[in-house]
1. Tell me, in nm to one decimal, what length is gained between residue B:288 and residue B:160 on full extension, where the rule is 0.36 nm per residue of separation less the Cα-Cα distance?
2. Hey, could you get me the Stokes-Einstein D for the range B:135-248, Kirkwood radius over alpha-carbon pairs, 4 °C and 1.567 mPa s, rounded to whole µm² s⁻¹?
3. For the protein assembly as shown, what value does the Rg/Rh ratio take when both radii are computed over Cα atoms and Rh is the Kirkwood radius, given to two decimals?
4. Within the range A:10-41, what residues put their amide N at less than 13 Å from the label point 7 Å along the Cα-to-Cβ vector of residue A:53?
5. When the chain is fully extended, how far beyond the present Cα-Cα distance does residue B:360 get from residue B:121, taking 0.36 nm per residue of separation?
6. Where does the range A:23-142 land on Rg/Rh, using Cα atoms and the Kirkwood Rh?
7. When 1/r is averaged over all different Cα pairs and the result inverted, which Kirkwood radius in Å belongs to chain A?
8. Apply 1/(1 + (r/R0)^6) to the Cβ-Cβ distance of residue A:176 and residue A:106, taking R0 = 41 Å, and write down the FRET efficiency to the nearest 0.05.
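Derivation of every value follows stated rules applied to the coordinates shown; laboratory data play no part. Fair warning: this is a prediction, and the values are worked out from it, not measured in the lab. Counting neighbours? That spans all protein chains shown, and the Cβs are built from the backbone with ideal geometry, glycine included.
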Ligand code: FES
């Protein structure tokens, strides 16, 4: 099969075979993975749950991992990370994603308002080390807040599906029950499994925030458990502090709750520019990245130095940059940018 | 710096302020388009890609009926159109970064490869960087004559120049190979200005790219057509030839018809953005034609707009053209355009004329613009 594909690639050179196949059907690809949205459910306010059917390259996910999906908005392809919320199983070749529409989340708003069955999106293989270990530990504590529920929900469902015999506690923080997705599923799991303890806290009802007492109440055995936490920075910090104080930091597994940072207002130069590939870094002095890199002793490739030849293109891993020709700022992760006309706004990490 | 244009109505002087104002207006024009980029441009480039793939598949398929002359001709035509679209409206423009904003990995200037023996990365260096930055500057823009031709009076005449039209013909027929060799700067190796070691990497890249292209067009596809081996081979050779002749012609019309200007390194040493824009306008020429003609030329028929805004999607050039032209008129700058036959005729005329020693050629007063520096106004005798 692979040899046949290689032969056909010779015939379509220099274009990959997929560039022909996708013209017939976007999901008919040999190398590129995509997924078709086959079901859309908007059960709670502000969230949408999508069921995707990936193309045959999909090899499944471990509970807690994330995938990137890409959609086209106004002609531009945007990608974002989401954690599948469904049971991790190699048999079931579907992925379920729950997307919360953030007020200025371009992609989440788009999916919330526009996702329809039949839409095809880009998909990357599942990745991330935030996952349930094998073999399963004897006790597991899951803590989440807001849309941080997605990776831990996949863990919880997988444990339920496996008939996990150990002790499980799940503590989730949401604003209110109306905006908390998957409540019926949670109730169902709790009913079916004696050893699962599932509790929700609603902060707008004055439930209070995470603290030591809460931890003791929900999982008095937490010192023997493996703990997984995902949520907004406040929650993560509170959990981390307690675990550090108890010297249990090695039993705590945290997934940064990645919201793509909103573009920063352009002001004076601040922050640090990190050059990921070379390990160098420098204080951001406001100049364009090409000059800052050269000042730091690096020699990135360049040509015209005026934004026309694209010789200086490099990938911005994280942070926000401003195109000095158009004034536009952009902070999507992993985007190629032109170093000679891009100035960092705050902390930026560039792959040179 | 003062810019003085010698037109039929006499000289015209642009003050440095006017030049910068012109630059500002062009920047504004650019910003307007950038702000408007979106679905429309995306649909456009994908529709061209779809058409190109269609012609490609049709051309390859029809070769199997190549024993019937009309089908052979149709196959060659379809394959030629496919290769022309691939190289011009798709490859050239995508590799300029015109569609990078779409964030499609397959249409990213760094990733894209075209159906041509020249590796994309080398072309990006010799074309996007060298040619587009130093457009028409002697000794810097290697597109002036491609190291073998005399296309400007500023280039020295010597007896070898007598072969000028012949060399041009050779370059036209083998254009993709000429483009491939461009970044090697062979003549600089001969002159000892460049070491063999410098080109080793380039050569291995060329070998990798060209061998695959040759394998596909001249071995695998003919072999797959079995008894029609020779007919398919001839068809593929012809399609490549048609593409070569066509792209050579369009590209030569972009910079070498009468009326375009060349510059010296001194003139352009401390160029401002406004002056850079003016040089791009004076160094390029357009071709008039219908929509299909523009698409088939990769919109390089809008060479002036392309040189002002090399990274804007080419399908925007037609709508930019009237505005650029109006600006030229406002400032008295020439806007070099004409029909394909007029422009290509003028190119070949020049190639023949410049083959001859200067004393045999009647010196015409070149229309156009003299660029000079304010600090040394006596230099050009004002
Ligand atoms: S160096 Fe030419 S675009 Fe940056």
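1. On the way: separation 128, 0.36 × 128 = 46.08 nm, distance 3.45 nm.
Full-extension gain reported as 42.6 nm.
2. My calculation gives 79 µm²/s for D.
3. Working: Rg = 31.0 Å, Rh = 29.5 Å.
Across the protein assembly as shown, the Cα-based Rg/Rh ratio is 1.05.
4. Residues A:27-28, A:35-40 qualify, since their backbone N sits under 13 Å from the label point.
5. Between residue B:360 and residue B:121, full extension yields an extra 81.8 nm.
6. With Rh from the inverse mean 1/r over Cα pairs, Rg/Rh is 0.98.
7. One decimal place: 22.6 Å for the Kirkwood radius.
8. On the way: r = 25 Å, r/R0 = 0.61.
It comes to 0.95.
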